[in-house]
Amino acid sequence: MLSLEPKGLADGPINLAEYIDHTLLLPMVTPEEIDQGCEIALRYGFPTFCVPPCYVPRVVERLHGSPVRVSTVVGFPLGTNTAEVKLYEAQLAVEQGCRELDVRINLAWLKAGELDRLHAEIAQLVEETGVCVKAILETAQLTDEEKKLAAEICMDAGVAFLMTSTGWMGGATPADVQLLWQLSRGRVGVKASGGIRTVAQAEAMIAAGASRIGTSWGLELMRELEARRAGGP
């Protein structure tokens with residue numbers, strides 16, 4: 001099990017593969033690309049493979065019996081679906097075999113001060129699905145005070161991870177990851193996602209406190225690591 005403490009390079013080499021939530025969420029992703037993603041996740045031993053809801057049954061079948069957990073998104077990418085729709089989407093994914101859910105919170109409710117509604121929606125998803133729920137805060141769109149407020153609401157609602165971004169409205173930064181880690185005080189994990197395409201970026205997120213890295217560049221990151229170890233560029 002990964003530590004929730006930030007890991008500096010001085011602590012020893014990072015097994016980057018253990019941090020990666022391999023992700024393929026573009027709207028035009030093909031079944032063939034999904035199958036290739038399954039093979040990549042299996043080859044490198046990534047913790048999860050996150051796919052659009054329509055591909056969950058396919059990926060569950062292909063990864064059956066493997067240690068790679070199937071993940072999907074809920075209310076993606078805007079988060080403004082009704083609470084009822086989000087709950088149905090989440091429950092269906094779990095029934096189909098999904099074990100982790102990346103849930104986009106409703107920023108409209110956060111910014112309008114509808115905090116009880118925001119809390120109730122996330123708490124219901126956590127309670128009624130019984131799986132690992134990661135709350136996507138979309139940090140690039142929030143003030144620091146809003147980040148703190150959203151983090152506290154989601155942690156109180158029972159999420160397992162605070163997640164920076166969808167990648168559709170800005171990406172992760174080490175500063176935001178560090179802030180979420182400080183707010184979490186080790187109670188939950190922090191997932192950095194959005195725009196992470198190099199090993200250096202991933203290492204910076206881990207050093208800042210990320211215990212998961214969400215990226216569609218998992219294969220490229222592993223190849224970069226392999227080249228580094230072989231003394232390549």
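Read-outs throughout are calculated quantities, based only on the coordinates presented, and are distinct from any laboratory measurement. Note that the structure is a prediction, hence the values are computed from the model and not measured. Every residue, glycine as well, gets a Cβ built from its backbone with ideal geometry; the counts of neighbours run over all protein chains shown.
Pulled fully out, how much extra length does the chain show between residue 82 and residue 197, if you take 0.36 nm times their separation in residues and subtract their Cα-Cα distance?
Values: separation 115, 0.36 × 115 = 41.40 nm, distance 3.27 nm.
Working it through step by step, the gained length comes to 38.1 nm.
Ignoring solvent entirely, what values of log10 I(q)/I(0) come out of the Debye formula for the stretch 45-168 at 0.12, 0.16, 0.18 Å⁻¹ when each Cα is a single scatterer?
The computed values of log10 I(q)/I(0) come out as -0.41, -0.71, -0.88.
Divide by every residue of the chain the summed helix terms, -39500 (n - 2.57) for each DSSP H run of at least 4, and state the resulting mean residue ellipticity at 222 nm, rounded to the nearest 500 deg cm²/dmol. If you can, show how the numbers build up before the last one.
Working: 9 runs with 101 residues, N = 233.
Rounded to the nearest 500, the figure is -13000 deg cm²/dmol.
Which of the peptides 127-134, 175-182 is most tightly packed, and how do the rest follow, judged by the mean count of other Cβ atoms within 10 Å per residue?
Numbers: 127-134: 17.2, 175-182: 20.8.
The most tightly packed comes first, giving 175-182, 127-134.
About its Cα centre, what dipole magnitude does the chain give when the only charges are +1 on Lys and Arg Cβ and -1 on Asp and Glu Cβ, stated in debye to the nearest 20? All intermediate terms of the calculation are to be shown ahead of the outcome.
Working: 21 positive and 30 negative charges, 95 e Å.
The dipole of the chain has a size of about 460 debye.
Taking K and R as +1 and D and E as -1, what net charge do the other residues with C-beta under 14 Å from the C-beta of residue 62 add up to? Write down the numbers at each step before the final one.
Numbers: positive: 43, 58, 69; negative: 32, 33, 35, 39, 61.
Result for the local shell: -2.
Which number do you get for Rg(Cα) / (2.2 N^0.38 Å) in the stretch 52-101?
Working: Rg = 11.2 Å, N = 50, 2.2 N^0.38 = 9.7 Å.
Normalised Cα radius of gyration, the stretch 52-101: 1.15.
For a quick protection proxy, order the peptides 45-55, 89-99 by their average other-Cβ count within 10 Å, most packed first. Walk me through the numbers before you get to the answer.
Working: 45-55: 21.0, 89-99: 18.4.
Ranking, from highest mean packing down: 45-55, 89-99.
Please give the length that would be gained between residue 131 and residue 220 if that part of the chain were fully extended, namely 0.36 nm times their separation in residues minus their C-alpha to C-alpha distance (nm, one decimal). Mind showing how you got there, number by number?
Working: separation 89, 0.36 × 89 = 32.04 nm, distance 2.92 nm.
29.1 nm is the gain from fully extending residue 131 to residue 220.
Alpha carbons only, please: Rg and Dmax for the chain, in angstrom.
16.8, 54
How many Lys pairs in the stretch 16-228 lie less than 16 angstrom apart by Cα atoms, where the lysines are 8 or more positions apart or on different chains?
Summing the qualifying lysine pairs gives 8.
Compare the peptides 110-116, 59-65, 205-211, 21-27 by average per-residue count of other Cβ atoms within 10 angstrom and give them in order, highest first. Could the numbers behind the result be given before it?
On the way: 110-116: 13.4, 59-65: 15.1, 205-211: 24.9, 21-27: 19.4.
Highest mean packing first, the order is 205-211, 21-27, 59-65, 110-116.
Let me have the relative contact order for the chain, percent, based on Cα pairs under 8 Å that are six or more residues apart.
20 percent
Give, in nm to one decimal, the length gained when the segment between residue 111 and residue 228 is fully stretched (0.36 nm per residue of separation minus the Cα-Cα distance).
Working: separation 117, 0.36 × 117 = 42.12 nm, distance 4.41 nm.
Residue separation times 0.36 nm, minus the Cα-Cα distance, leaves 37.7 nm.
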